[in-house]
1. Considering only region 73-189, give the strands (runs of 3 or more DSSP E) lying wholly within it that have at least 2 residues that are under 29 Å from Asp317 (Cβ atoms).
2. For region 429-454, give me the residue count where each residue is modelled with pLDDT under 90 and either aromatic (Phe, Trp, Tyr) or at positive phi (or both).
3. For region 190-229, which positions are in contact with a Pro (Cβ under 6 Å, 6 or more places away or on another chain) and either assigned by TED's automatic domain parsing to the domain that holds Ser59 or not in a loop (DSSP other than H, G, I, E, B) (or both)?
4. Consider only pairs whose beta carbons are under 8 Å apart and that are at least six residues apart or on different chains; among these, list those whose first residue lies in region 340-351 and is assigned by TED's automatic domain parsing to the domain that holds Val201 and surrounded by 15 or more Cβ atoms within 10 Å (Cβ to Cβ) and whose second residue is modelled with pLDDT under 90 and of a type in the set (Asp, Glu).
5. When only residues in region 68-88 that are of a type in the set (A, V, I, L, M, F, W, C) and under 20 Å from the mean Cα position of the chain (by Cα) count, which is surrounded by the most Cβ atoms within 10 Å (Cβ to Cβ)?
6. Do the conditions hold for His277, that is, is it over 22 Å from Pro122 (Cβ atoms), surrounded by fewer than 21 Cβ atoms within 10 Å (Cβ to Cβ) and not assigned by TED's automatic domain parsing to the domain that holds Val146?
7. Select, from Val146, Val175, the only residue that is in contact (Cβ under 8 Å) with a residue 12 or more places away in the chain, aliphatic (A, V, I, L, M) and either under 30 Å from Cys376 (Cα atoms) or outside the structural domain of Ile422 (by TED's automatic domain parsing) (or both).
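The values are calculated or read from the model by the stated rules, or taken from the named source; none is laboratory data. Keep in mind it's a predicted model, so treat the numbers as computed, not measured. Glycine gets a Cβ as well: all are built from the backbone with ideal geometry, and neighbour counts include every protein chain shown.
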Amino acid sequence: MSPSVVVVGAGPAGVRATAAIAGKGVPVTLIDEGARVGGQIYRQPPPGAERPPKDLYGSEAAKAVAVHGCLKEFKGLIDYRPSTLVWNVFKGQLDLKSAGGEEKVPFDRLLIATGAFDRVIPFPGWTLPGVFTLGAAQIALKAQGVAIGRKVVLVGAGPLLPLVASQYLKAGAEVAAVIDVTPFSAKVAGFWQMMSKPDVVLRGLGYLYEIRKHRVPVFYGARNLAVDGSQNVESFSWTSSGGKSHRVDCDAVGASFGLRSETQLADLAGCEFEFDHLLRQWLPIAREGGRTTQETVYVAGDCAGIGGADVAELQGDLVANSILEDLGVSVDKERLTVVEKRLRQYSRFRAGMERAYPFPHHLLDDLPEDLMLCRCEGIKLGHLMEVDAKTSPHDVNRQKAFSRVGLGRCQGRVCGMAAAEILSKFNGSSIESAGRLRGQPPVKPITFTGSSAT
Ligand SMILES: Cc1cc2nc3c(=O)[nH]c(=O)nc-3n(C[C@H](O)[C@H](O)[C@H](O)COP(=O)(O)OP(=O)(O)OC[C@H]3O[C@@H](n4cnc5c(N)ncnc54)[C@H](O)[C@@H]3O)c2cc1C
């Protein structure tokens, strides 16, 4: 009988891995909560709302088409489960939830390729209707062909900011301002390291050119961010690095501050984690070829550390070969050496990117006490500080138990990293010592139906 190989995530990493495994004649189950393959970067609109790849993916159109099409020739070997959430991993089995109901899927080998999502830092007004993450703003455009508002302000730290701005402008949306919270000098500092991938730098400069062409004002080093409005977004205000106050009218805001890896399934699978100082987050330990500390569990792509789509594709291929090798299937070692070499070229680029978009610590200095920090539980910053003062928690799990921050529907996916930053600031200790919120099933809210509810 064939071993049960399961891949979670149909982004560039999961799709390339699935193709490599099926390409060796090994059956594989591919599960994704999205309706179509592609993941975040190569997200496809729903059937019937398709647009030409060039309009959707710009310079990356050929790569998107290749990822979308690469599973077709292995159809008979792939059990593809779209629109299916994996909400738990327990004792060698996955818990699945789809419109068809609940199911358990056992695995002999599990590849987790669950990607990443936006890192949120709360600021006044962030919970008003009309405020989205940059990723959500992009999803609205890619999947549905709509902008988040008629006059949009985009704010954040990270390459998604100029990318989303240029995509909105190309699509004909009005962008009132692009506000980067990191200083311009940081881009200069990271430039030479990023030049290890000149094609990617050129692509980034293209986004900036698009913004300039549309005469959209760009600001760097912003602080004291605030969305103003009583019921909905009415304007956005901030202070420039020189201390000057700004305000611009708008009816929607896209804001996020880099990406964070989606690591919950790896946590539930029992993988050990380590702190990554460059990416400022806890990641599953991935040894040679994406092998984790659990013998049957592997990680690839952004869930193993933010690397971008090209890295995700290469890692998917590499890790699939680790799985095949561990199952006793012969692999082409020479080709893998080339893949490894290509991956090494990206690590210098990644370091440059993190230098260009450093973590915006200064935003945490600006937060007022009445700021809503955990919107699921309705906890304000002042309350958290009071609880921290009374209970002196040493890590975020303890802080969660005392304050309820991170205990709600999002399970800390939205507020967790900000809560850890605030705790480390409060304790005057490193962010690493604040630890990470332990993963809890279900990893995302699910509905209970029929007999499951009894
Ligand atoms: C919102 C967003 C937009 C982005 N846009 C761009 C862009 O335009 N250009 C760019 O260069 N980079 C972009 N990035 C970064 C880029 O997406 C990644 O570097 C790249 O897609 C990583 O590929 P991946 O295969 O690791 O993960 P992803 O492409 O993120 O794919 C992960 C897949 O896993 C699925 N998944 C996650 N958890 C579960 C679960 N529990 N159960 C079932 N399925 C699950 C998701 O539905 C997703 O399809 C974006 C990132 C985000 C978060």
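1. In region 73-189, 78-81, 84-90, 93-98, 101-106, 109-112, 116-118 are the strands (runs of 3 or more DSSP E) which contain 2 or more residues that are under 29 Å from Asp317 (Cβ atoms).
2. Result for region 429-454: 2.
3. Tyr207, Leu208, Ala226
4. Listed by first residue and then by second, the contacts come to nothing, as the list is empty.
5. Here the answer is Val86.
6. In short, yes.
7. That would be Val175, the only listed residue that is in contact (Cβ under 8 Å) with a residue 12 or more places away in the chain, aliphatic (A, V, I, L, M) and either under 30 Å from Cys376 (Cα atoms) or outside the structural domain of Ile422 (by TED's automatic domain parsing) (or both).
Each row is one residue, and each column tells you yes or no for (1) within 12 Å of the ligand (Cβ to nearest atom); (2) modelled with pLDDT of 95 or more; (3) in contact with an Asp or Glu (Cβ under 7 Å, 6 or more places away or on another chain).
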position	(1), (2), (3)
His246	no, yes, no
Ala252	no, yes, no
Ala255	no, yes, no
Gln264	yes, yes, no
Ala269	yes, yes, no
Glu274	no, yes, no
Leu278	no, no, yes
Leu283	no, yes, yes
